[in-house]
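The values are calculated or read from the model by the stated rules, or taken from the named source; none is laboratory data. Owing to the predicted nature of the structure, the values given are computational and were not obtained by experimental measurement. We place every Cβ from the backbone using ideal geometry, glycine too, and count neighbours over all the protein chains shown. For the accessible areas, the whole protein counts, side chains as well, though only heavy atoms, and no ligand, DNA or RNA atoms are used. Shrake-Rupley method; radii C 1.70, N 1.55, O 1.52, S 1.80 Å.
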Amino acid sequence: MKITPINGNTEIEGVPFIYYGTTFMVARSGNTEFKKVFRQAMKPYKDEFDSGRMTEEQSNKIMIHCVATAILVGWENFKDAEGNEYEYNYENAVELLTDDKDCYD
């Protein structure tokens, strides 16, 4: 049984999700693009990860990169808490996910 309509395009292109008045385009967690980006981002850190020596800071940085690349794929009408408007791009997505833990979660 399921209630969520899934199609291959929205899995990567995202679906609208409204959060504090901003429409975010959010792709499915664990989509094929995310998996590809994650594998690539983790390559240089394989030894640290496998041995349990990867720092939480490095782990968060990698995950934010992956989410900003393949999960948070766009937004409309984004204004920060001070009312500043931002257009969607990778750098702004990384900044938002880094600075706003609740939004990232």
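If you take all other residues with their beta carbon under 13 Å from the beta carbon of Glu85, and give Lys and Arg +1 and Asp and Glu -1, the sum is -3. Classified by the C-alpha gyration tensor, the chain has an oblate form. Its axis ratio a/c, with a ≥ b ≥ c, is 1.5 or above, and a/b does not exceed b/c. First compute the accessible area of the chain with a 1.4 Å probe, then give the percent of it belonging to carbon and sulfur atoms. Reported share for carbon and sulfur atoms: 52 percent. Of the complete DSSP H runs in the chain, none spans 18 angstrom or more by Cα along the long axis with a mean Kyte-Doolittle score not below 0.5.
Subtract the Cα-Cα distance of Met63 and Glu13 from 0.36 nm times their separation in residues, and report this length gain in nm to one decimal.
Numbers: separation 50, 0.36 × 50 = 18.00 nm, distance 1.87 nm.
So the extension gain works out to 16.1 nm.
For the stretch 6-85, the relative contact order is 39 percent, taking Cα pairs closer than 8 Å that sit 6 or more residues apart in sequence and dividing their mean separation by the residue count.
Would you work out if the stretch 49-105 is rounded, prolate or oblate? Take a ≥ b ≥ c from the square roots of the eigenvalues of the alpha-carbon gyration tensor; rounded if a/c is under 1.5, else prolate when a/b is larger than b/c, oblate otherwise. Since a/c reaches 1.5 and a/b is larger than b/c, the shape of the stretch 49-105 is classed as prolate.
Do any GluC sites (Glu not before Pro) in the stretch 2-105 lie in a loop, going by DSSP, with at most 16 other beta-carbon atoms within 10 Å of their beta carbon, and if so which?
Glu82, Glu87
How many lysine pairs does the stretch 10-91 hold where the Cα atoms are under 23 Å apart and the two sit 8 or more places apart or on different chains? Within the stretch 10-91, the lysine pair count is 7. Between the beta carbons of Glu48 and Asn84, assuming R0 = 25 Å, the FRET efficiency works out to 0.10 to the nearest 0.05. In this structure the stretch 52-94 gives 65 Å² per residue of accessible area when probed at 1.4 Å with all protein chains present.
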